[in-house]
Amino acid sequence: MTYEEVIFYVVAVPTVVGAIGVVTARNVVHSALFLILSLLSVAGIFILLSAEFLAIVQVLIYGGAVTILVLFAMMLTRVRDMPAALDGPQRPFAALAAGAFMVVSIFSMESTEWPGETDKINVISIEQIGNDLFTTWAVPFEVASLVLMVALLGAIVLARGEEGE
Amino acid sequence: MIPINDFLVLSSILFSLGIYGVLARRSAVLILMSVELMLQAVSINFIAFAVYLSPQAFTGLIFAVFVITIAAAEVGLALAIILRLYRNKATANVDEADTMKW
């Protein structure tokens, strides 16, 4: 086992453990904390894939903003006060569907011949990403910023409610 | 070195757990968290394909940037909708919001 593999398992195991915690925890706040664990470990996976920029973005946006928003929503909707029946009656079917998806996707991935080298990580620098993002992908980038602005304005309007409420 | 399949297996597991969460949970907030897990799995896949298979174009990396952007917008909007639902129905459970169910 090379040291890269050891690092991979050191970050992959918390990712999966956190994900299992998110979907099975009986306490919703624990669920959110498991989500933070999982998201930060995914940032580690990104670093391992030599995508440092995305790892930083991941920690800032997911580790910071998204989990805080989720925790706020939990407090405001009082999911915590109704711990009874967090899962619906369809739970066994959900497990079946998820298991079937996992088997099919892992099987099809193992039986696919990927073109090119499949055991060497090519380092892509932040300069390259920035160059491409603002030349080849400039229009989608601007559209994404517009989408973000409209969505957040919509969120404010929705959450604020009508006048005099 | 780590073969690409390790990353793909990890992302399959994450995505399956996300599917399980979306289907099994009742609260909209918990479903949203499971959707986040699925988005993470997709991002891992995109980046793995970019750095292993097409390092010249690395479109997958750019796509992962967009995935994170859209995920941020989606979370903000979804939580506003959930708050609205809670204010109107006094619950955030998706199976109790059944006004349009015949």
The alpha-carbon pair-distance distribution computed for segment A:124-165, with 5 angstrom bins and whole-percent values, is 5, 20, 15, 15, 12, 9, 9, 6, 5, 3, 1
Considering only B:F46, B:F66, B:F15, give the residue with the highest GNM mean-square fluctuation for chain B, with springs between Cα atoms whenever their separation is below 10 Å.
B:F66
Remind me, relative contact order of segment B:1-62 in percent, using alpha carbon pairs under 8 angstrom and six or more residues apart?
34 percent
Just want the ordering: A:Y62, A:Y3, from fewest to most Cβ atoms lying within 10 Å of their own Cβ.
A:Y3, A:Y62
For chain A, with a Gaussian network of springs between Cα atoms less than 10 Å apart, report the residue from A:L69, A:L146, A:L48 with the top mean-square fluctuation.
A:L146
Per-residue Cβ neighbour rank within 10 angstrom, fewest leading, B:E74, A:E4
A:E4, B:E74
Which residue, A:I47, A:I36, A:I129, tops the fluctuation ranking in a GNM of chain A built on C-alpha contacts under 10 Å?
A:I129
Mind running the shape call on segment B:1-69? Use the C-alpha gyration tensor, a ≥ b ≥ c as the square roots of the eigenvalues: rounded below 1.5 for a/c, prolate if a/b tops b/c, oblate otherwise.
oblate
May I ask you to sort A:W137, B:W102, A:W114 by Cβ crowding, counting other Cβ atoms within 10 Å and putting the fewest first?
B:W102, A:W114, A:W137
Under the classification rounded if a/c is under 1.5, otherwise prolate if a/b is larger than b/c and oblate if not, where does chain A fall, given a ≥ b ≥ c as square roots of the Cα gyration tensor eigenvalues?
oblate
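No lab work stands behind these numbers, since they all come straight from the coordinates. Treat the numbers as computed from the prediction; the structure is a model and nothing was measured. Glycine also receives a Cβ, built like all others from the backbone with ideal geometry; neighbour counts cover every protein chain displayed.
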